[in-house]
Structure formats: C-alpha cells, structure tokens
1. Order 103, 51, most accessible first, counting only protein heavy atoms with a 1.4 angstrom probe.
2. What ³J(HN,Hα) values, in whole Hz, does the Karplus curve 6.51 cos²θ - 1.76 cosθ + 1.60 give for region 58-67 when θ = phi - 60°, with x put for Gly and Pro?
3. Listed highest first by mean packing, meaning other Cβ atoms within 10 Å per residue, what order do 71-81, 88-98, 52-62, 11-21 come in?
4. Expected output is a single nm value to one decimal: the length gained when fully extending between residue 40 and residue 75, i.e. 0.36 nm times separation in residues minus the C-alpha distance. What is it?
5. When the chain is fully extended, how far beyond the present Cα-Cα distance does residue 59 get from residue 100, taking 0.36 nm per residue of separation?
6. Could you check how much of the accessible area of region 5-122 is carbon and sulfur, as a whole percent, using a 1.4 Å probe?
7. Nearest 20 debye, what's the magnitude of the dipole of the chain about its Cα centre given +1 on Lys and Arg Cβ and -1 on Asp and Glu Cβ?
8. In region 37-62, which residues have a backbone nitrogen under 15 Å from the label point lying 7 Å from residue 1's Cα in the Cα-to-Cβ direction?
Amino acid sequence: QVQLVESGGGLVRTGGSLRLSCAASGLTFSVYSMAWFRQAPGKEREFVAAIQWTGSTTSYADSVKGRFTISRDDAQTTAYLQMNSLKPEDTAVYYCNAYDARILPGGRGSYWGQGTQVTVSS
C-alpha cells in the first residue's frame, strides 16, 4: 500500500523555522512528483509548493516564495519542506502529496499523507 507520512510539525514562534518531512513507501518514488498543501481552519486547502520528479523544477505559492524551500531525496524516498521566517498566517495542517507528472499536484489519482500540524504563535 502507498503511504505518505509527514513529520516535523509543531509549535514555533513568529520568525522561527521548521522542516517538514514526507516519508514515502509503496510507490516508485523517483517517478513521482511531490507537493505540499496546507489547510487552515475555516479555509480551503491550498497549494504550497511542488517539485518535479526529476528534481529540476520547483514551484511555490506566492505567499511562501522566498521563505519556503521544497526538496527531495530519492535515496531516502523523502520530500522536505523547509519553512523559514514563519508567520501566524502559516498556521495550518500541512499535507504531503505524491502525483504523476501527467496530472496536476493534488489531482485525481494522487496520494495524500495524513497531515502534520504547524502552529505559529504571535
């Protein structure tokens, strides 16, 4: 079975940093593109960042550009999201997503993790 397990969330003060990890199993990691989404209370789930299966292309939501960095380690079958200069507005449950490059991140047929809570205090 495909499993995506997020870790690294927690409570951090404004301006702090966190590094989220997404450990994947049950799929051929190297041929899947990876993405991060987040969902804050009362808001729709939103795209945060994605990295192509080749590792050569990344994309970010405007709200996190310059602060967040997505990366992947195929040998460890793990994707990461380095989050710096955190703001209270970043508070959300963060979800890992694995998707085939022929579809969009979060699209039909993609896989989701269970989510990890990130809370940024004022």
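1. Descending accessible area places them as 103, 51.
2. Values per residue, Gly and Pro as x: 10, 9, 9, 5, 4, 5, 10, 4, x, 10 Hz.
3. Ranking the peptides 71-81, 88-98, 52-62, 11-21 by packing returns 88-98, 71-81, 11-21, 52-62.
4. 9.4 nm
5. Roughly 13.2 nm would be gained on extension.
6. The computed percentage sits at 49.
7. Value, rounded to 20: 160 debye.
8. Once the point is set 7 Å along Cα→Cβ of residue 1, nothing inside region 37-62 turns out to lie under 15 Å by backbone N.
The values are calculated or read from the model by the stated rules, or taken from the named source; none is laboratory data. The structure presented is a predicted model; accordingly, all values stated were derived computationally and were not measured. We place every Cβ from the backbone using ideal geometry, glycine too, and count neighbours over all the protein chains shown. With ligands, DNA and RNA removed, areas are computed over all heavy atoms of the protein, side chains included. Shrake-Rupley method; radii C 1.70, N 1.55, O 1.52, S 1.80 Å.
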